[in-house]
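One structure is given here, and the rest of the page talks about it.
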2 protein chains.
Amino acid sequence: MNFKKAKRVYKGIIFEVYQWSQKMFDGSRQTYEWLKRPPTVEIIGVTKNKKIMVLEQRQPHTKIFFSMPGGKVDKSENLKQAALRELREETGYAAKKLKLWKSFEEYTTMDWTINMFIARDCRKAGALAPDPGEKIKVRYFSFEQFLKLVEKDNFWCSRYFSKHLYKCLMHPKAKKEFYQELFG
Amino acid sequence: MNFKKAKRVYKGIIFEVYQWSQKMFDGSRQTYEWLKRPPTVEIIGVTKNKKIMVLEQRQPHTKIFFSMPGGKVDKSENLKQAALRELREETGYAAKKLKLWKSFEEYTTMDWTINMFIARDCRKAGALAPDPGEKIKVRYFSFEQFLKLVEKDNFWCSRYFSKHLYKCLMHPKAKKEFYQELFG
């Protein structure tokens with residue numbers, strides 16, 4: 001989306017709506033509408049004994065689901081700070097090593113970047129501090145178990161990451177490379 | 001989302017935004033924000049000689065991508081009418097047999113239902129009639145080729161359908177069942 005031409009027509013709590021006049025292939029114009037929401041971070045947190053941390057979560061309007069730790073980036077912090085904070089709040093773990101793994105757009109008519117981090121050598125640092133709108137338990141998965149989560153209906157993950165997990169399940173080379181990225 | 005409690009705070013061309021006051025687990029309340037967009041249809045169109053039709057498409061603001069035929073349901077039509085119209089406009093084909101295959105929600109904080117149809121015994125009925133914001137070529141894929149599309153980065157499909165295609169690639173039983181559904 002070209003934000004220089006686009007005009008913001010709505011700003012809410014999470015979502016903003018933009019519109020712009022788009023020239024069609026036949027020369028006519030149509031108003032296009034686009035959404036924007038703040039970037040989020042997600043963290044693949046790996047513990048010292050090679051387990052990957054996944055949240056078993058419930059929110060006031062949902063059933064139980066599994067997801068990666070993560071959340072919105074606050075205005076006062078950069079991506080890395082947001083990743084460390086969310087990891088700490090949602091798992092109780094602190095990471096010794098943190099690196100940005102991939103940034104991607106989730107959705108075709110929405111400006112929303114998900115920034116996914118790999119956190120290695122995670123160590124317990126204290127209790128969870130979830131939002132009042134979250135009930136969280138931390139679950140620990142082996143690499144093999146983790147990949148297979150993608151086939152579950154109640155594992156909520158981004159389109160991009162889901163594609164990556166399937167790729168690892170189907171292609172031994174991709175799986176080996178991902179293992180290297182996570183465990184070195 | 002509970003639309004009885006929710007209040008519409010924005011209505012645009014495609015998107016509406018709703019807010020409601022949600023009770024948290026600790027008794028406090030927070031305003032939740034939700035999106036709504038009109039339902040869409042997508043069609044798995046199967047020709048007489050067992051090919052599946054996929055669009056090779058470009059829109060004014062995109063690169064070339066592949067997708068299923070489909071689009072928004074107009075206010076004057078039901079789901080089935082929308083599916084037949086979109087199939088006709090975007091492929092030039094008419095379907096002898098049409099059935100709703102699955103309806104699903106695409107996105108966790110958006111009320112948006114995608115209704116996916118299987119159209120069997122499709123026959124050429126005339127020229128394409130794409131929107132002025134679409135450049136379309138129809139491509140014909142065998143069942144095997146079609147399943148593998150899901151691994152391409154420029155195949156745009158819903159989260160649910162993508163999961164289904166991966167399932168078919170990985171599990172012979174699911175693949176056989178889907179083949180039956182498409183070709184009888």
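The values are calculated or read from the model by the stated rules, or taken from the named source; none is laboratory data. Everything quoted here is computed from the prediction, not taken from an experiment. Please note: Cβ atoms are built from the backbone with ideal geometry, for glycine as well, and neighbour counts cover all protein chains shown. Ligands, DNA and RNA are stripped out before the accessible areas are found, and what is left, the full protein with its side chains, is counted by its heavy atoms. Shrake-Rupley method; radii C 1.70, N 1.55, O 1.52, S 1.80 Å.
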- Note on the structure: Note: among A:Q59, A:Q145, A:Q81, just one is closer than 29 Å to B:C157 by Cα, modelled with pLDDT of 95 or more and either open to solvent by 30 Å² or more (accessible area, probe 1.4 Å) or within 14 Å of chain B (Cβ to nearest Cβ) (or both), namely A:Q145
- In this structure, does B:K135 turn out to be away from every other protein chain (no Cβ under 14 Å) and open to solvent by 70 Å² or more (accessible area, probe 1.4 Å)? no
- Would you say B:M116 is away from chain A (no Cβ under 14 Å), within 28 Å of A:R37 (Cβ to Cβ) and part of a strand (DSSP E or B)? yes
- Query: In the list A:W112, A:W101, which residue meets the criterion of being modelled with pLDDT of 95 or more and within 17 Å of the chain's Cα centre (by Cα)?
  - Reply: A:W101
- Pairs returned, first residue in region B:26-40 that is touching a residue at least 12 places away in the same chain (Cβ under 8 Å) and under 11 Å from B:W112 (Cβ atoms), second residue that is in a loop (DSSP other than H, G, I, E, B) and of a type in the set (V, I, T), beta-carbon separation under 8 angstrom, 6 or more apart or interchain, are B:W34/B:T109; B:L35/B:T109; B:R37/B:I14; B:P38/B:I14; B:P38/B:V73; B:P39/B:V73; B:T40/B:V73
- Sole residue being in contact with a Cys (Cβ under 9 Å, 6 or more places away or on another chain) and assigned to a helix (DSSP H, G or I), chosen from B:F146, B:F178: B:F178
- Residue that is farthest from the chain's Cα centre (by Cα) [pool: residues in region B:149-184 that are among the basic types (K, R) and more than 22 Å from B:E90 (Cβ to Cβ)]: B:K173
- Look at region B:13-37 and say how many of its residues are open to solvent by 50 Å² or more (accessible area, probe 1.4 Å) and facing another protein chain (nearest Cβ under 9 Å). 6
- Tally the residues that are surrounded by fewer than 19 Cβ atoms within 10 Å (Cβ to Cβ) and part of a loop (DSSP other than H, G, I, E, B), restricting the search to region A:62-78. 8
- Message: Here are the criteria: (1) open to solvent by less than 70 Å² (accessible area, probe 1.4 Å); (2) at pLDDT 95 or above; (3) of a type outside the set (S, T, N, Q). Tell me which single one B:E106 does not satisfy.
- Response: (2)
